[in-house]
1. Calculate one ³J(HN,Hα) per residue across region 28-43 by plugging θ = phi - 60° into the Karplus curve 6.51 cos²θ - 1.76 cosθ + 1.60, and present them in order as whole Hz with x for glycine and proline.
2. With the Cα gyration tensor of region 2-59 giving a ≥ b ≥ c as the square roots of its eigenvalues, does the rule (a/c under 1.5 for rounded; else a/b larger than b/c for prolate; else oblate) give rounded, prolate or oblate?
3. Which entries of K2/K140; K161/K223; K42/K235; K96/K272; K98/K312 have Cα-Cα distances beyond 29 Å here?
4. Evaluate the distance, in nm, between pseudo-label points positioned 7 Å from the Cα of I290 and of K140 along their respective Cα→Cβ axes.
5. Output the Cα-based Rg and Dmax of region 37-164 in Å, rounding Rg to one decimal and Dmax to a whole number.
6. Once you order the gyration tensor axes a ≥ b ≥ c over the Cα atoms, which shape class does region 201-313 get: rounded for a/c under 1.5, otherwise prolate or oblate by comparing a/b with b/c?
7. Placing +1 at every Lys and Arg Cβ and -1 at every Asp and Glu Cβ, with all other atoms neutral, what dipole size does region 141-241 have around its Cα centre, in debye to the nearest 20?
8. Efficiency by 1/(1 + (r/R0)^6): what FRET value for M251 and M1, r their Cβ-Cβ distance, R0 = 30 Å, to the nearest 0.05?
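None of the figures in this text is laboratory data; all of them are computed from the coordinates on show. Every value quoted in this text rests on a predicted model; they were computed, and no experiment measured them. A quick note on method: Cβ atoms are made from the backbone with ideal geometry, for glycine too, and the neighbour counts reach across all protein chains shown.
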Amino acid sequence: MKHKVLALIEESGMHYISGQEISQKLGISRSAVWKHVQSLRKEGFVIDSVSSKGYHLSRGSTELNQTTLDTVIARSNFLNKAFFHESVDSTNQYAKSKAMDFPGASFIVVADTQSKGRGRRGRNWESLKNTGLWMSLLAKPDINPEEAPKLTLIAAAAMAKAIDEVADCNVGIKWPNDLILNGKKIGGILTELSAEPGYINYVVIGIGINTKKREFDSELRDKATSLENELLDYKMDHLRILKVFVKHFEMYYNQFVKFSDIEAVLTINREKSVTLNRTVCVETGGETSIYNAIRLDEEGRLVVLDQAGTEKTIFFGEVSV
Ligand code: BT5
C-alpha cells in the first residue's frame, strides 16, 4: 500500500494531493495515509505536507530498490509483482523459479548484481555490482509460441527508446537482441520460453544495460561500453530508465498481444537498425554465411541476399556486422 501512496503523490507532480483524495482513491483512512507518508520519509523521500493542500514530493528517490520498484508496478497495467534483490544468480533464472508460484501474474525481477548472468546459448553476461541495470520480465501471453521472438523486438524497441529519452542519445539495434551505442554493445536481451505445442506457459525477457563508467576487461574491451562511458552528461539512474521502459514496453506488448500489431515496433527496429544495408555474417546451425541484410519483413525477420543475389529469410541466428 505504501508504494501506492507514493505513486499517487508522485503522479500529482508539481501539485499537492490531499490526504482525503489519497484515502478515497486507495480506500484507506487518512491516518493510514499519514503513517505511510511517515514511513516513506524514513526511507529518504522528501514529502512536504501543507495542512490546507496535502502532500507533495519535493525529492523522490533515484535509487532502485523494492519500494521504488513497487511504485513502478503500481502504475503498470501489465505487471502485478516486483522482486528486487541485491544479488541473484540470474534474474531470468529467478523469474523462472517463481513462474508457477503466481499463476496468471506478470512480474519483474531486478538485481544489483548477478553471479551467473547469461547471454544466449549459455554464454556469460558480465553483471558486476552496481554497474548496470539487470532485469527480467516474466509474462504469460496468450499467443502462439512461434510469435515469441517478436517479444525480443518489442523489448529492444522499448529499451532503445527509453534510453534515448532518459540519456538523450541515439541507441541502435543490432537484430535481433543487441543494443548499440557508438558502435559498441551497451545492452543485450535474452528471451526464454517455456511452451507446449500451441501454448506458452511463460516467457522471460531478460535485459542487461551497462550504465556505469568503467573499464571492461580484455575480452569485452573492444566490443562493450556503458552509458556513462559514452555520454559525458549522463549520470546513472536505473529507476528512470526502468520507468520509461515499462511505459513503452507495456504499450507495445498490449498492442501485440491484443491486436497482433507490431507495426510501431517494426518501425523503430528498422529506423534504429545497425544491421540493415550492411554485409553481415549469419551463423545458423553451426554454419556461417555472408549476406547483405536488406530489410526486416512484416514478421520482424531479417531478409538477406546471398552472394548469388537470392533472397533468404533469417528467423533467428547470430548476426555480426
Ligand atoms: C545477450 O546475449 O546479449 C543477452 C544478454 C542478456 C543479459 C540479461 S541481464 C538480466 C537477464 N538475466 C540474465 O541472466 N541475462 C539477462 P548474447 O547476444 O549471447 O551476447 C553475449 C555476449 O556479450 C558474451 O559472449 C560477451 O561477448 C558479451 N558480453 C558479456 N557481458 C557483457 C556486458 N556486460 N556488456 C556487453 N557485452 C557483454
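1. 10, 6, 5, 6, 5, 4, 4, 4, 5, 4, 4, 5, 5, 4, 4, 7
2. Judged from the Cα gyration tensor, region 2-59 comes out rounded (a/c under 1.5).
3. K96/K272; K98/K312
4. So the two model labels end up 4.9 nm from each other.
5. Cα-based Rg and Dmax for region 37-164 come out at 17.4, 59 Å.
6. Judged from the Cα gyration tensor, region 201-313 comes out oblate (a/c at least 1.5, b/c at or above a/b).
7. Roughly 300 debye for region 141-241.
8. Calculated transfer efficiency: 0.70.
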